[in-house]
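What follows is a single structure, written as structure tokens, with notes after it.
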Amino acid sequence: MTQLQTLKLRTGEKNEALLETLLSNAREYILAHTRRVESDWLPVFDGIQLNIAAIDYNRLGGEGFASRKEGDISTVFADYPDSVAKTLNQYRLVKVI
């Protein structure tokens, strides 16, 4: 199953262009965070890419908000979970000056 198909199942979203954009943005985030290039993509990043894309999908419409309250429901928008950064940090390349 492709990343797109998996994300489609997770979200129930039918707009493939939107999902492809989310996957692409997640890929760019992972590569930037780990200081890698496309050819250095590791299979372990696939699951993280899906998680980031799903998080971003769930945040659609909340861009620019730090938090939101509707009646008794309060939502706080934070960065990605610590588990994402901790996992990616294991694969981060050292920057040479």
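Read-outs throughout are calculated quantities, based only on the coordinates presented, and are distinct from any laboratory measurement. The model shown is predicted, which means the values in this text are computed figures rather than measured ones. Neighbour counts are summed over all protein chains in view; Cβ atoms, including those assigned to glycine, are modelled from backbone coordinates with ideal geometry.
Would you please list the contacts, defined by Cβ atoms under 7 Å and residues six or more apart or on different chains, that run from a residue in region 14-40 that is without any contact (Cβ under 8 Å) to a residue 60 or more places away in the chain to a residue that is among the acidic types (Asp, Glu) and part of a helix (DSSP H, G or I)?
Hits for this filter: 22/56; 25/56; 26/56; 31/38.
In region 5-20, which residues are in a helix (DSSP H, G or I) and surrounded by 14 or more Cβ atoms within 10 Å (Cβ to Cβ)? Even if it seems obvious, please write down each step before you answer.
Pass one, region 5-20, residues in a helix (DSSP H, G or I): 5-11, 16-20.
Hits for region 5-20 are 6, 7, 8, 10, 11, 18, 19, 20.
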